[in-house]
Amino acid sequence: MANIKVDGQLVDVPDYFTLMQAAEAAGAEIPRFCYHERLSVAGNCRMCLVEVKGGPPKPQASCAMSVKDLRPGPNGEPPEMFTNTPMVKKAREGVMEFLLINHPLDCPICDQGGECDLQDQAMAYGVDKNRYAENKRAVEDKYMGPLVKTAMNRCIHCTRCVRFTTEVAGIAEMGLLGRGEDAEIITYLEKALSSELQGNVIDLCPVGALTSKPYAFAARPWELTKTESIDVMDAVGSNIRVDSRGREVMRILPRVNEAINEEWISDKTRFVWDGLKSQRLDRPYVRKNGRLQPTSWDDAFDAVARAIQASGGGSRVGAIAGDLAAVEDMYALKSLMTSIGSGMTDCRPPMSGIDPSMPRSAYLFNAGIIGIEEADAIVIIGANPRKEAAMINARIRKAWRTKGTPIALIGAEASLTYGYTLLGNGFDALAKLAAGRGDFAETLANAKKPLIMVGEGAVSHGAAKSKQIGRDVIALAAKLASGPNVAEGWNGFALLHNAAGRVGGIDIGFTPHSGGVCSADQIGMAGRGELDVLFLLGADEYDTSAMGQTFVVYVGTHGDAGATRADVILPAATYTEKSGTYVNTEGRVQVTNRAVFPPGEAKEDWAIFRALSSFLGQPLPFNSLNQLRSTIYREFPHLAEIDQVTPGDAGDIRTLAAASVKTRNAIFGTLAADFYLTNPIARASAVMGECAQLAEGLKQAAE
């Protein structure tokens, strides 16, 4: 620790702190444009100038000088810095005047207006006159793809965007070319950016040079209602803010959560909002004479009730929950199924190796997302984190870049934005590593905090029609995570889910019970005529063509695969239109908040099942969301601990590691083939469709 005086106030800070950090510790405000705490120091903008006693006799950039760079006074007095002297004031006014020399005064048509750092700091630290009378410099706008809109006349060359794409996103496609007046921020080959995180440069840009192309000229920030919520596009549970106007979601922005997404979000999370209003189901439908016809809620419920009563209930009725289902929705559907005597429920992918009898630690990312940075060796099995969980991929890159963490991959070769050792593409490579043989075996054996990341591509093998493969993968991964040198208290077994509703569904037992069978077997029974009624709760990622003549009830939000096959459609609410509980891949309980109301006659999913239960003559024991949650919390107390993780037991992992293995060979793939089109909301989004086409074009060009 070191002592330093800031504007006469003595503070005690670590000696590696920059002068800017020391000033903030003392409560002083330092303006900045180029500095960002998660990026490397550039020292470009010079807006953070301060006066230093004990240093050079001129203003110093506080972002680029450390406390330890200052020398004490002649008698050992602590060094001093000043943030509000006449020298500092004049220096900042000069810097601001230079920044505005070429900056266009187009604030009325700039999408950054109202949220612009340059506007705010010009008011606070600028002057009221401009002495520059010459023509302003003009710069041609650049093409960066369908997401980022450029107006490069406004650029002040802070290089935040360049540092983000290079350091965090891991793509070397953007830089500063030229010198002096000819300097320009540009994509090197003048093509679209290929990163799944590129939208974050919009938040980073302190001026209006990089803005959101889909949001262009749509709204002003003061018109919008801000709602804090949770993302459900993957199982990470990124914290977001939903900005809405009236009944329409206008944009989605990140919220800071150091334990999950820091302050970044993926492009799918940020730009999927146009899919919330496209291809929506806004009224009930019943299939008559082979065609879906709009109807009333009472008629739709009556049709479902007649079908269930005709089937006799029990094992003739099944239910499958999709990737975006909230805990409340699945609990209500499970309660409905129990009331008719059926245990045919499932929320897992086809032929998943996750057994309902397994302990909770067997299906959690036990080390936690933030624990990735603590790991000293990482093995990725049957997953592509860049497509399945972009924020987790960014964390892995951070550990690789800052600590040099060694990484190995077992599965399909992929571009993951960091270096790794490819050990093989299937089960034999995993078995070899578990036996202590191969290139990475010694590294893993010496690791005190190994992280064994298992993807659903290794756990679920629908094509192979085998659950045993997934169970054997879990057993071998548990063995790798339970090595002899593992530090006490460390649980490195990490199952990476790719669906927001998966962990919550398994937690509440939305899995086969009381004689029920899994999702793949339910579809097989439907095809053979052994299942009379099948509920699809937003379940569109299954083979609907194999369901035969079964009466299908689709409860969902969009006209996707499930709705196309349905005999009755009951329109539901999306994650921005309801308050719902989700448990992310690490087991953290989080809650979405309603930002807007559902369109037309659509209702919240749990309310649909409560109303349907009355038509069946067995009303469920809750009439409101609060009553439903109270019921859930009594049965599953850990779900009441919002934003908390109930950890799994490391001893259970050692027990799993002792299981016998029967599999001899299997290939590991990924269940997320296309990053942009993984769920009904994304498939309804025109922006995501354009991104998917562009990504496919780039892939074909590379091949």
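The values are calculated or read from the model by the stated rules, or taken from the named source; none is laboratory data. Source: prediction; values computed, not measured. Neighbour counts run over all protein chains shown; Cβ positions are idealised from the backbone, glycine included. When the accessible area is computed, the model is the full protein with side chains, heavy atoms only, and any ligands, DNA or RNA have been set aside. Shrake-Rupley method; radii C 1.70, N 1.55, O 1.52, S 1.80 Å.
Here are the numbers:
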item	result
Carbon plus sulfur fraction of accessible area for region 609-661, probe 1.4 Å, in percent	51 percent
For region 436-518: accessible area per residue (Å², 1.4 Å)	34 Å²
Separation of alpha-carbon centers, region 55-133 and region 636-703, rounded to whole Å	46 Å
Dimensions (Å) - the chain, Cα atoms, principal axes, largest first	89, 59, 52
Rounded, prolate or oblate (a/c below 1.5 giving rounded, otherwise prolate when a/b exceeds b/c) for region 96-228 by Cα gyration tensor	oblate
Residue-normalised accessible area of region 133-191, expressed per residue, 1.4 Å probe, Å²	49 Å²
Pairs of alpha carbons in region 1-121 whose separation is greater than 19 Å (percent)	49 percent
Within region 181-211, GluC sites (Glu not before Pro) in DSSP loop having at most 15 other beta-carbon neighbours inside 10 Å	Glu190
Heavy-atom surface of region 583-703, accessible at 1.4 Å and reported per residue (Å²)	50 Å²
Spin-label model distance (nm) - Val661 vs Ser339, 7 Å beyond Cα toward Cβ	4.7 nm
Free-standing Cys residues across the chain, given no other cysteine C-beta under 4.7 angstrom	Cys48, Cys63, Cys107, Cys110, Cys116, Cys155, Cys161, Cys205, Cys347, Cys518, Cys691
Listed peptides 644-657, 379-392 by packing density, highest first (mean Cβ within 10 Å)	379-392, 644-657
Three-way shape call for region 572-703 based on the alpha-carbon gyration tensor, with the a/c threshold at 1.5	oblate
Part-to-part distance (alpha-carbon centres) for region 552-624 and region 218-297, which is given in Å	14 Å
Helix-only mean residue ellipticity at 222 nm for the chain, each DSSP H run of n ≥ 4 adding -39500 (n - 2.57), per residue, nearest 500	-7500 deg cm²/dmol
q = 0.14 Å⁻¹, region 60-112: log10 I(q)/I(0) [Debye, one scatterer per Cα]	-0.61
Per-peptide average of other Cβ atoms within 10 Å, ordering 282-290, 238-246 highest first	238-246, 282-290
Which listed pairs, of Lys53/Lys90; Lys142/Lys213; Lys226/Lys387; Lys68/Lys398, have C-alpha distances above 23 Å, in listed order	Lys226/Lys387; Lys68/Lys398
Per-peptide average of other Cβ atoms within 10 Å, ordering 258-268, 575-585 highest first	575-585, 258-268
Fraction of beta bridges assigned by DSSP in region 548-661 that are antiparallel (%, nearest 5)	45 percent
Cα convex hull of region 25-67, projected area averaged across orientations, nm²	3.4 nm²
Region 212-284: C-alpha gyration tensor shape, a/c 1.5 cut-off, then a/b vs b/c	oblate
For region 462-538 versus region 189-206, the gap between their alpha-carbon centres in whole angstrom	36 Å
Bridge type composition, the chain - antiparallel percent by DSSP, nearest 5	55 percent
Helix 468-481 vs. the chain, principal-axis angle (Cα, 0 to 90°, nearest 10)	40 degrees
